[in-house]
Amino acid sequence: MNVVGRKQLDGWLRGTGGHGPVAVVMGASINGLSFVRSLARRKIPTLMLDSERLIGSYTRRGRTYLLPVPADERPEDWLGLLEFVGTRLEEPAVLFATSDVHSVFLAEQAAQLARHYRFLTPKQETMERIVNKRAQYGIAKEAGIPIP
């Protein structure tokens, strides 16, 4: 298992310099694992972040760093770690969110993260409407779209 501590993370990040972009995958679920596997086939160094040991944290294809709490409980911890990572890379990393929680976090923190990362995310208001299922049902109903 490639779960690393802060010191090992710093060493790994410094060792990626000059080898092209790094990818950071937020979420160690099966979705995150599929990202890491795909990126590894392209020889892209990948760091996976989560707050629990999900299936993706056991991969040999990338490094995993576990934060003590989820992004929606302590976003400042996640932002601090992502800034730590970003400042140690020679070029902006590509950042992927693989869950609703991570997608909302990314939309909320887009302005701060844009200095060190490349990513695509809708505006915060749009993302909140996407992940709010009640809002989706209301929008569908207003548009005359049948829903179960």
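The values are calculated or read from the model by the stated rules, or taken from the named source; none is laboratory data. Please read all numbers here as calculations on a predicted model, not as lab measurements. We place every Cβ from the backbone using ideal geometry, glycine too, and count neighbours over all the protein chains shown. Each accessible area value is taken on the protein alone, full model and side chains, heavy atoms only, with ligands, DNA and RNA left out. Shrake-Rupley method; radii C 1.70, N 1.55, O 1.52, S 1.80 Å.
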Restricting the first residue to region 98-127 and requiring it to be closer than 13 Å to Glu83 by Cα, which pairs with a second residue that is part of a helix (DSSP H, G or I) and β-branched (Val, Ile, Thr) meet a Cβ separation below 8 Å and a spacing of at least six or different chains? His116/Val85; His116/Thr87
Answer with yes or no whether Arg60 is charged (D, E, K, R), farther than 30 Å from Glu128 by Cβ, part of a helix (DSSP H, G or I) and open to solvent by 30 Å² or more (accessible area, probe 1.4 Å). no
Among the residues of region 20-56, how many are assigned to a helix (DSSP H, G or I) and not basic (Lys, Arg)? 12
Any chance region 70-89 includes a residue that's of a type outside the set (A, V, I, L, M), modelled with pLDDT of 95 or more and at positive phi? no
Out of everything in region 116-133 that is open to solvent by less than 70 Å² (accessible area, probe 1.4 Å) and closer than 19 Å to Leu39 by Cβ, what residue ends up being modelled with the lowest pLDDT? Thr121
Pick out the one residue from Ile130, Ile145 that is out of contact with any helix residue (DSSP H, G or I) (no Cβ under 7 Å at 6 or more places or on another chain) and either free of Cβ contacts under 8 Å to residues at least 12 places away in the same chain or not in a helix (DSSP H, G or I) (or both). Ile145
Please verify whether Leu113 is at pLDDT 95 or above, within 17 Å of the chain's Cα centre (by Cα), within 21 Å of Leu13 (Cα to Cα) and open to solvent by less than 40 Å² (accessible area, probe 1.4 Å), treating the condition exactly as stated. yes
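Looking only at region 76-110, how many residues end up being assigned to a helix (DSSP H, G or I) and open to solvent by less than 40 Å² (accessible area, probe 1.4 Å)?
Kept after step one, since they are assigned to a helix (DSSP H, G or I), are these residues of region 76-110: 76-87, 100-108, 110.
Restricting the remaining residues to those that are open to solvent by less than 40 Å² (accessible area, probe 1.4 Å) gives 78-82, 84-86, 102-107, 110.
Within region 76-110, residues that are assigned to a helix (DSSP H, G or I) and open to solvent by less than 40 Å² (accessible area, probe 1.4 Å) number 15.
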I'd like the residue in region 39-60 that is under 15 Å from the mean Cα position of the chain (by Cα) and hydroxyl-bearing (Ser, Thr, Tyr) and, out of all such residues, is modelled with the lowest pLDDT. Ser57
